[in-house]
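Reading through the structure tokens given below for one structure.
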Amino acid sequence: MRIGVLGGGPAGLYFALLAKRADPAHEITVVERNAPDATFGWGVVFSEETLGALRDADYPSYVEITDTFARWSAIDVVYGGRTVRSGGHVFSAIARRRLLEILQGRCREVGVELAFQREATDLDAFADRDLVVAADGVNSTARRLLARHLRPTQDVHRSKFIWFGSDLPLDAFTFVFRTTEHGMFQVHAYPFDADTSTFIVECTEGTWRAAGLDQAGEPESIAFCQDLFAPELDGHKLLSNRSLWISFVTVRCRSWHHGNVVLLGDAAHTAHFTIGSGTKLAMEDAVALGQALQRHPAALEAAFTDYELERQPVVERFQEAARDSATWFENVRRYDGFDPVQFACNLLTRSGRIGHLELTRRDPGFAATVDRRFAGRPERLVAPPPLFAPLGQRALTLANRVALAAGAADDASDGRLAGAAAGRLAAAAAAGAGVVVSELVAVAPDGRVTPGTPGLWADDQAGPWAEAARELAAHGSALALRLGHAGRRGATRPRRTGVDRPLPDGGWPLLAASAIPYTPASAVPKAADAGDLERVTGQFAAGARRAADAGVQVLMCDLAHGYLLGGFLSPLANRRDDELGGSLEGRLRFPLRVLDAVRAAWPDDRPLWAVLTVTDWAPGGLAPEEAVAAARALAAHGCDLIQVTAGQTTAVTRPDYGRLHLVGWSDMVRNDAGVPTMAGGGLTTADEVNTVLAAGRADLCLLDPRTYAGA
Amino acid sequence: MEVGVGLPTTTPGADGTGILEWARRADQGPFASLGVLDRMVYRSVEPFAALSAAAAVTTRARLVTMVVIGPLRNTALLAKQAASLDLLSGGRLTLGLAIGARTDDYRALGVDPGGRGRRLGEQLAELRELWEKGEVGPEPVQPGGPTLLAGGLSGEAFARMARGADGYVHGGGPPRAFAGAAARAWAAWRDLERPGRPQLWGQGYFALGDADAGGAYLRDYYAFTGPFASKVAAGNLSSGRAVKDFVRGYEDAGCDHLVLLPTVSDPAQLDRLADVLG
């Protein structure tokens, strides 16, 4: 085959080398616009996994590459005046320039033609080629020319970063966080040979502008960063190589090939530099494409399909992790005031690729420190993992940090808890939950979701709850009774065949913030007037008193799920023009009035929690900063912990049910509002729970096991 | 996990005799269900017609649409067709619904594809309503109507499923892709506080010993997706080992019912597949 390779970076060179090795009859030319020794950037990082692939693909270059590697296993996090080190991470890095030298040398050895300083503005030069490999980087010409077929997208990140080198010798991947009057700056630095390091400085765009860096040239930027990180540089210099402040661009393509042209590396995809995987992914692409061509020697289309099927899922996973990582750095101010060890733990687990278990495997000592500090017993040798660290709430101490929901079966009659429902509560406690969250318990008959929703509007309904509270305590657990009013989602059929299906005979009149039906089939609710609201407030207080008298350990107030109180919070459901609508302050007024009444009726020494919808998952809904403000207000009114939920304010939403989808929201509420939180959202393993807790993203986890006796 | 097989209603070369022969033999074999696909602008057999014919020559296998494109159809007529098929088959219908991926199917029927997701959500609720009210008969054999599945990969699709269906039907792909979708189906189900658990249905393509022929059909059937068609074709299970790995992968991913759809119309495929499944 006659093969043209566009771009002489690591991906293009490595592919050319492998293809020529596989079949010396191939005629291969690499076209590069720069000179052989011109290079941008400093060092590049590899994982152990990538090294294995490189060893198998071409042993001579592997030996040369690993001979000049800087290898290290520690990550240092410099934060709040302290350096926290964790080990066992195993990285390797090499100077990009040296990597190119090695690959150029190997290409020449095997007979690849290298043509430097040749700019390709179109693909005409490759017209006589059977195969064109476009490895021409993030600004790929080939991708632009074939955009119609490849369908690329480019997302520009908001943060600014600048890529320096330094003569500072490091023995760890080093993150430095420095708070200034303009905001937070962070450094991502790692060694790539005995005496040189990559030194990237990053900040948010706001901080960058506030510091005047949008007006700064290269020398001013160097001076600024050198001055800011003088303690870490310790007299060493920052080295520039046309270093400018830029924004990272994430490239994605629907397809990586068209006709006889195929994309490799950054040309096809990029992943934010904070997970340092660009060169690694590019060289793995080269290996995969080379192997696919060998498997399908006579069929380019089949080889390209094979290559994409192998590489696209891997790249997507890295892009997802990179997005989480980039977002973490954008929100890093949130963790101001964190204990440095917990901060480091949060940083290390930011992209979901490393959890508590993996940290323990990599560095048992560090993980033990995390656990000890989490348990508040730094002096002890033995400490429980975060899941088993007790949680104190007023006079109550929960035995562990796992909550289980008992689930709803709509089996109450006249609001009286069914025996089977009590059995579900007990089963969850017997399964080991520190606290068991009940289904919705209605404060009034017209506050029920279905005719089978239990209630606490009459004294004779309290008995089963008292029994449940006693039984759960006997299991070492506690009962969290979720008190609420279904509002416009009331009067529906049992949920076995679906939710929000109105009762055939209409059920009972509905009450809501505004007269908007929940679904097109739902009855129009009455917009609550002053009398209604006073009555409902009293019903909540009465329910709280009955729960208190029944010995219930935790009371939860449901301000979520599109129910009555949640409806007041959201601009999508609350269109009132009185003092209970409009601004967030107005929309919060009635829910807070209810919370005050409940707090007054609920014993001081027992915890009061709220379930809060923090995003409506719908356009025009509650804004994130409103959710944070609402959480702060709830805490100021005596709420001790917030269960973070999303969606259901309206029937049609755009939910995100991705992996651990509520954890990020919990992190926001907990650390922006400073309120303890409970996170759910598909947490299914103890490791996930330990990770979320240890990182300070929630204080309590609602485990969502696929099967247990109570579900 | 139960394993079913598709009817050759979209593959080249199937005629009425062949489809009925296939249905008979599958019903006598180890297959738990017979599945059909739905496509308007294609040389495929209409799903309710195909399953009605299959109902007449089978007694055991469940009859399942994987899927029917709901918003293409008038809801009351769809309810009646499904109830009729449920009656004719003695309660064996599982009705999988989704919005489809092709707008030309919508254009061919003069249906606006805009808002089709929302319409499917409403349809799920309306179907239940129609079956329960019983004004539009016949009364389905399954109490409350046929089992309803909903498909799709967007967040809206999972919420729609949990809101109004009995389970989730996946559109195909490697076991890892199914596992990801199943996790979302569970999350949506729990989020909406549905009692119990969602049924999880998966599907895959096979043509044992005949990969090339099946590949050509898949590239044609999925031509509208552009380069994705080659990927679907590459996923065609053409060896016993590939089928076994796929079945094991789906079982590990928590699938309740896997339907293997043929990519060629030769009924000998049923024996080969039965041998592989043991």
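Where helices (runs of 4 or more DSSP H) fall entirely within the stretch A:1-71, those with at least 2 residues that are loosely packed, with under 15 Cβ neighbours inside 10 Å, free of Cβ contacts under 8 Å to residues at least 12 places away in the same chain and over 37 Å from the mean Cα position of the chain (by Cα) are at A:59-67.
For A:Ile94, the criteria (1) under 20 Å from A:Thr270 (Cα atoms); (2) out of contact with any Pro (no Cβ under 9 Å at 6 or more places or on another chain); (3) modelled with pLDDT of 95 or more; (4) not aromatic (Phe, Trp, Tyr) hold in every case but one, which is (3). Among residues of the stretch B:147-157 being more than 20 Å from A:Arg489 (Cα to Cα) and at the interface with chain A (Cβ under 8 Å from one of its Cβ atoms), the one that is surrounded by the fewest Cβ atoms within 10 Å (Cβ to Cβ) is B:Ser154.
If I filter the stretch A:640-654 for residues that are assigned to a helix (DSSP H, G or I) and surrounded by 24 or more Cβ atoms within 10 Å (Cβ to Cβ), do I get at least one hit? Within the stretch A:640-654, none of the residues are assigned to a helix (DSSP H, G or I) and surrounded by 24 or more Cβ atoms within 10 Å (Cβ to Cβ). Once the stretch B:191-214 is narrowed to residues that are touching a residue at least 24 places away in the same chain (Cβ under 8 Å) and surrounded by fewer than 22 Cβ atoms within 10 Å (Cβ to Cβ), the residue that is nearest to A:Val437 (Cα to Cα) is B:Leu192. Considering the stretch B:171-268, the qualifying helices (runs of 4 or more DSSP H), each wholly inside and each with 1 or more residues that are within 14 Å of chain A (Cβ to nearest Cβ) and either of a type in the set (Ser, Thr, Tyr) or more than 29 Å from B:Thr147 (Cα to Cα) (or both), run over B:211-221, B:228-234, B:240-252. Exactly one residue out of B:Val68, B:Val3, B:Val36 is among the aliphatic types (A, V, I, L, M) and out of contact with any Ser or Thr (no Cβ under 9 Å at 6 or more places or on another chain), and it is B:Val68.
From the set of residues in the stretch A:244-264 that are in a loop (DSSP other than H, G, I, E, B) and surrounded by 23 or more Cβ atoms within 10 Å (Cβ to Cβ), which is farthest from the other protein chains (Cβ to nearest Cβ)? Looking at the filtered set, the residue picked out is A:Leu264. Looking only at residues of the stretch A:477-506 that are farther than 20 Å from A:Asp558 by Cα and among the charged types (D, E, K, R), we find that the one that is modelled with the lowest pLDDT is A:Asp505. Counting only residues that are part of a loop (DSSP other than H, G, I, E, B) and either surrounded by fewer than 18 Cβ atoms within 10 Å (Cβ to Cβ) or free of Cβ contacts under 8 Å to residues at least 60 places away in the same chain (or both), which one in the stretch A:621-639 is nearest to the other protein chains (Cβ to nearest Cβ)? Step by step, filter the stretch A:621-639, then rank; the result is A:Gly621. For the residues A:Gln117, A:Gln154, A:Gln186, the requirement of being in a strand (DSSP E or B), surrounded by fewer than 16 Cβ atoms within 10 Å (Cβ to Cβ) and not hydrophobic (A, V, I, L, M, F, W, C) singles out A:Gln154.
Do we find a residue being at negative phi, in a helix (DSSP H, G or I) and modelled with pLDDT of 95 or more anywhere in the stretch B:136-152? Scanning the stretch B:136-152 turns up no residue that is at negative phi, in a helix (DSSP H, G or I) and modelled with pLDDT of 95 or more. Test A:Gly680 against the criterion of being without any contact (Cβ under 8 Å) to a residue 12 or more places away in the chain, on the phi < 0 side of the Ramachandran plot and within 12 Å of chain B (Cβ to nearest Cβ), and give yes or no. When the stated conditions are applied, A:Gly680 does not pass them.
For the stretch B:16-58, the set of residues classified as of a type in the set (Asp, Glu) and out of contact with any Leu (no Cβ under 9 Å at 6 or more places or on another chain) consists of B:Glu21, B:Glu46, listed by residue number. In the set (1) within 30 Å of B:Leu130 (Cα to Cα); (2) β-branched (Val, Ile, Thr); (3) part of a helix (DSSP H, G or I), the condition left unmet by A:Val499 is number (3).
Filtering B:Gly70, B:Gly115, B:Gly91 for residues that are closer than 24 Å to B:Ser154 by Cβ and in contact (Cβ under 8 Å) with a residue 12 or more places away in the chain leaves a single hit, B:Gly70.
Within the option set A:Gly543, A:Gly567, being buried (at least 18 other Cβ atoms within 10 Å of the Cβ), more than 15 Å from A:Trp609 (Cβ to Cβ) and modelled with pLDDT of 95 or more holds for one residue only, A:Gly567. Only one entry of A:Asp171, A:Asp124 meets the criterion of being at pLDDT below 95 and over 28 Å from A:Phe329 (Cα atoms), and that entry is A:Asp124. Does any residue of the stretch A:250-258 turn out to be in contact with a strand residue (DSSP E or B) (Cβ under 6 Å, 6 or more places away or on another chain), within 29 Å of A:Asp155 (Cβ to Cβ), at pLDDT 95 or above and among the charged types (D, E, K, R)? Within the stretch A:250-258, one or more residues are in contact with a strand residue (DSSP E or B) (Cβ under 6 Å, 6 or more places away or on another chain), within 29 Å of A:Asp155 (Cβ to Cβ), at pLDDT 95 or above and among the charged types (D, E, K, R).
Here is a yes/no grid of residues against (1) surrounded by 16 or more Cβ atoms within 10 Å (Cβ to Cβ); (2) touching a helix residue (DSSP H, G or I) at 6+ places or on another chain (Cβ under 6 Å):
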position	(1), (2)
B:Ala23	yes, yes
B:Ser33	yes, no
B:Pro47	yes, no
B:Arg73	yes, no
B:Ala108	no, no
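Being more than 17 Å from B:Arg128 (Cβ to Cβ), modelled with pLDDT under 95 and not in a strand (DSSP E or B) is a description that does not apply to B:Arg60. Going residue by residue through the stretch A:279-289, is there one that turns out to be over 19 Å from A:Thr141 (Cβ atoms) and of a type in the set (Asp, Glu)? Checked against the condition, which is being over 19 Å from A:Thr141 (Cβ atoms) and of a type in the set (Asp, Glu), the stretch A:279-289 yields at least one hit. Just give me the residues in the stretch B:160-170 being outside any loop (DSSP other than H, G, I, E, B), facing chain A (nearest Cβ under 8 Å) and out of contact with any Asp or Glu (no Cβ under 8 Å at 6 or more places or on another chain), in sequence order. Selection gives B:Gly164 alone. Scan the stretch A:541-559 and give yes if some residue there is without any contact (Cβ under 8 Å) to a residue 12 or more places away in the chain, within 30 Å of A:Asp640 (Cα to Cα) and assigned to a helix (DSSP H, G or I), otherwise no. The answer is no; no qualifying residue exists. Looking across B:Pro143, B:Pro113, one residue alone is out of contact with any strand residue (DSSP E or B) (no Cβ under 9 Å at 6 or more places or on another chain) and either within 14 Å of another protein chain (Cβ to nearest Cβ) or under 17 Å from B:Ser33 (Cα atoms) (or both). It is B:Pro143.
Condition first: buried (at least 23 other Cβ atoms within 10 Å of the Cβ), more than 26 Å from B:Lys244 (Cα to Cα), more than 11 Å from chain A (Cβ to nearest Cβ) and free of Cβ contacts under 8 Å to residues at least 60 places away in the same chain. Can you find one or more residues in the stretch B:97-106 that meet it? Yes: one or more hits. Counting residues in the stretch A:652-668 that are of a type outside the set (Asp, Glu), touching an Asp or Glu at 6+ places or on another chain (Cβ under 8 Å), at pLDDT 95 or above and within 17 Å of A:Ala635 (Cα to Cα) gives zero.
The values are calculated or read from the model by the stated rules, or taken from the named source; none is laboratory data. It should be emphasised that the depicted structure is a prediction, and the values quoted were computed from it without experimental measurement. FYI the Cβ positions are ideal-geometry reconstructions off the backbone, even for glycines, and counts take in every protein chain you see.
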